[in-house]
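S.K.: Here you go, one structure.
The values are calculated or read from the model by the stated rules, or taken from the named source; none is laboratory data. Please read all numbers here as calculations on a predicted model, not as lab measurements. Every residue, glycine as well, gets a Cβ built from its backbone with ideal geometry; the counts of neighbours run over all protein chains shown. We work out accessible area using only protein heavy atoms, side chains counted, and drop any ligands, DNA or RNA first. Shrake-Rupley method; radii C 1.70, N 1.55, O 1.52, S 1.80 Å.
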Amino acid sequence: MRLLLLALAAAVAPAAGLNLQMPALRGQTGLTDARFGGKKLVVVTGTSSGLGRKTAAALLRTGKYHVVGAVRDLDKMEVVAEVDGFDPDLFTPMHCELNSFASVRAFVDELKEWKAAKPVDRLICNAAVYQPSLPYAKWSEDGHEQQMQINYLSHFLLTSLLLDDLAKAPGARCVFVGSVTGNDNTVGGGGVYPIADLKKLDGLKLGAKNPISMFDGYNFDGAKAYKDSKLCLAMLSHTLHQNYHKQTGIAFSTVYPGAIADSAMLAGKPPLDTSAKLPSFVKAMVEFELNAMRRIGFGQDMHADGLTGEAEAVSTAQAGGRLLQAAHDVRCSKSGHWAWKEGDAAAEAAAAAAAARARAAHTASSRPPRRFGSGRSATGSRVSSRSGRTRV
């Protein structure tokens, strides 16, 4: 799993004149800023359209978050925020062009100056482009294939620059929007050509810059480039968990919110009926997704789960509710991969939170006296140092 990150440090970063290495973390005390009113600070990329837009709306409806929308078009974001009724006291748009490493760095600088001592509680790496039918590669400002830079490399850099800050927030979460297509252990990823496969990373080792478009070093394939970028995000999430979770407490997760029927990424494709059940092969795809990350090393200390009933097509609004769940639901406070079947994600999140509060209240009222200094409860059972991290 570390090969991808090592290759980035050894190849892409020097070639681009950038430092993409994860920072060395130091023990720091979390700070708060009164102007946020006790609300958690969440950064979401791509909030001017699609899944990011609906996710921002879902987060704001809870009244528990201040959302920073990282977008490339501030004018468009201003219109969307007005149309959707985003509370300007709880939503702050900032410019971030993921097609440029310099823009990502400028965004982080602006964010840190604006938020002052307030730590980032949630980072949701959502923005993506999908160019499956292109006969040739498009290049970023930094000379990388666009899908790989926007979907993966720039989110890698963004996470790197904010990791030290996330470590200051208790219970912080870093969420990457993944895809069933990025894992060849699923029907969508392994049963539909081309298959995501980084091979020996020959292209990345050579810098993955124009004219080298693919990380595997082979000729450009738009659909495969997208799948490879999602595979890279899954590997990144796992590697971050392995190297930083115990040290920081940050939960690193990938999320597959479902087959989004009305996504702008599918513009020009035949529309899907969101009220209809998906074909059996897509149901199988979602079922397989529940185990999607096991092949790339998600071990016993990580979690893969399907949270509700039967597979179905979902609207962007429903998917936004599911991404809210990944950021907000107590059951998603662990590192891992999250996928859903049929169900109301927002209602699920609220019910889970209420159940957790009820269990905590019951435990507090029924806990027997404890003999202090023994390390054991009055019943003689060992008191766990992880008692506050109940697995649901």
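S.K.: By the gyration tensor of its Cα atoms, with a ≥ b ≥ c the square roots of the eigenvalues, what is the shape of segment 133-181: rounded for a/c under 1.5, prolate for a/b over b/c, or oblate? Don't jump to the answer; show the numbers that get you there.
M.R.: Values: a/c = 6.87, a/b = 2.00, b/c = 3.43.
Cα axes put segment 133-181 in the oblate bin.
S.K.: With charges only on Cβ, +1 for K and R and -1 for D and E, what is the dipole size of segment 36-131 about its Cα centre, in debye, rounded to 20?
M.R.: Working: 13 positive and 12 negative charges, 98 e Å.
The dipole of segment 36-131 has a size of about 480 debye.
S.K.: Using a 1.4 Å probe on the protein heavy atoms, what percent of the accessible area of segment 34-75 belongs to carbon and sulfur?
M.R.: Carbon with sulfur: 43 percent of the solvent-accessible area.
S.K.: Over 26 Å between Cα atoms, which of 76/115; 40/334; 138/334 qualify?
M.R.: From the list (76/115; 40/334; 138/334), the Cα-Cα distance tops 26 Å for 138/334.
S.K.: Can I ask one more? Length gain on complete extension for the stretch residue 358 to residue 246, per 0.36 nm per residue less the alpha carbon to alpha carbon distance?
M.R.: Here the answer is 37.5 nm.
S.K.: Okay, next question. Figure the gain on full extension for residue 83 and residue 202 (residue separation times 0.36 nm, minus the Cα-Cα span) and round it to one decimal in nm.
M.R.: Residue separation times 0.36 nm, minus the Cα-Cα distance, leaves 38.2 nm.
S.K.: Now, a different point. Among 144, 103, 177, flag the residue with its Cα farthest along the positive direction of the charge dipole of segment 91-182, charges on Cβ as +1 for Lys/Arg and -1 for Asp/Glu.
M.R.: Sorting the options by dipole projection puts first 177.
S.K.: Next up: Per residue, what accessible area does segment 113-181 have, given a 1.4 Å probe and all protein chains present, in Å²?
M.R.: 28
S.K.: Order the peptides 161-174, 97-110 from the highest to the lowest mean number of other Cβ atoms within 10 Å of their residues. Mind showing how you got there, number by number?
M.R.: Working: 161-174: 20.4, 97-110: 18.7.
In descending order of packing, they fall as 161-174, 97-110.
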